[in-house]
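See structure below.
The values are calculated or read from the model by the stated rules, or taken from the named source; none is laboratory data. These figures come from a predicted structure and were not determined experimentally. Heads up, the Cβs are rebuilt from the backbone with ideal geometry, glycines too, and the neighbour counts pull from every protein chain shown.
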Amino acid sequence: MNHYETIFIVGPDTPDADQDSIFEKLKSMISQDGKLIMFDDWGTRKIAYEIQKKKQGRYVRLDYCGNGVLVDEIERLFRLDYRILKFMTILLAKDVDPDSIVPVEAETEAEATSFAENASDEAFETETTEIESDTEE
């Protein structure tokens, strides 16, 4: 299986019930032929430029594993559905074990914790270095 990321924009005038049905259909498609790693709803945001005379849209990111046929089915669904304004799919990695992929949220929490620990150590080292340089002058 390959690791893919798809970002799509749903029109702002689409009712919540329709948006939920689109999301559930996508989740079921992915679970049938692949594995959904993360469904990341970014919410309604301003679009950089007008798309179909709309200035806002609901951004959603899908992180999943599957094959090329699954991507073709998802993109076909997007092309046929008038409520989807734009979409983009990116191949992140080839021949990946879906069980070994950790969702990004878990990685960022671990990185943030280690970053905070390292930042405090670096701040301490910087302070001692500045003191030493002051005494040399």
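Under the condition of being touching an Asp or Glu at 6+ places or on another chain (Cβ under 6 Å) and either over 16 Å from GLU5 (Cβ atoms) or assigned to a strand (DSSP E or B) (or both), the residues counted in the stretch 66-90 number 2.
For PRO12, the conditions (1) exposed (fewer than 10 other Cβ atoms within 10 Å of the Cβ); (2) free of Cβ contacts under 8 Å to residues at least 60 places away in the same chain all hold with the exception of (1).
Filtering the stretch 76-104 to residues that are exposed (fewer than 14 other Cβ atoms within 10 Å of the Cβ) and acidic (Asp, Glu) leaves ASP95, ASP97, ASP99.
Okay, residues lined up against (1) at pLDDT 90 or above; (2) touching a Lys or Arg at 6+ places or on another chain (Cβ under 9 Å); (3) over 16 Å from PHE8 (Cα atoms); (4) not hydroxyl-bearing (Ser, Thr, Tyr):
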site: LYS27; (1), (2), (3), (4): yes, no, no, yes
site: ASP33; (1), (2), (3), (4): no, no, yes, yes
site: GLU50; (1), (2), (3), (4): yes, no, no, yes
site: LYS54; (1), (2), (3), (4): yes, no, no, yes
site: ARG58; (1), (2), (3), (4): yes, yes, no, yes
site: GLU73; (1), (2), (3), (4): yes, no, no, yes
site: LEU91; (1), (2), (3), (4): yes, no, no, yes
site: ASP99; (1), (2), (3), (4): no, yes, yes, yes
site: ALA106; (1), (2), (3), (4): no, no, yes, yes
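Only one of the listed residues (ILE37, ILE51) is closer than 25 Å to ASP99 by Cα and not basic (Lys, Arg). That residue is ILE37. Only one of the numbered conditions (1) part of a helix (DSSP H, G or I); (2) surrounded by 14 or more Cβ atoms within 10 Å (Cβ to Cβ) is not met by ASP63, and that is (1). Surrounded by fewer than 11 Cβ atoms within 10 Å (Cβ to Cβ), in a strand (DSSP E or B) and assigned by TED's automatic domain parsing to the domain that holds MET88: does that describe GLY43? For GLY43, the condition - surrounded by fewer than 11 Cβ atoms within 10 Å (Cβ to Cβ), in a strand (DSSP E or B) and assigned by TED's automatic domain parsing to the domain that holds MET88 - is met.
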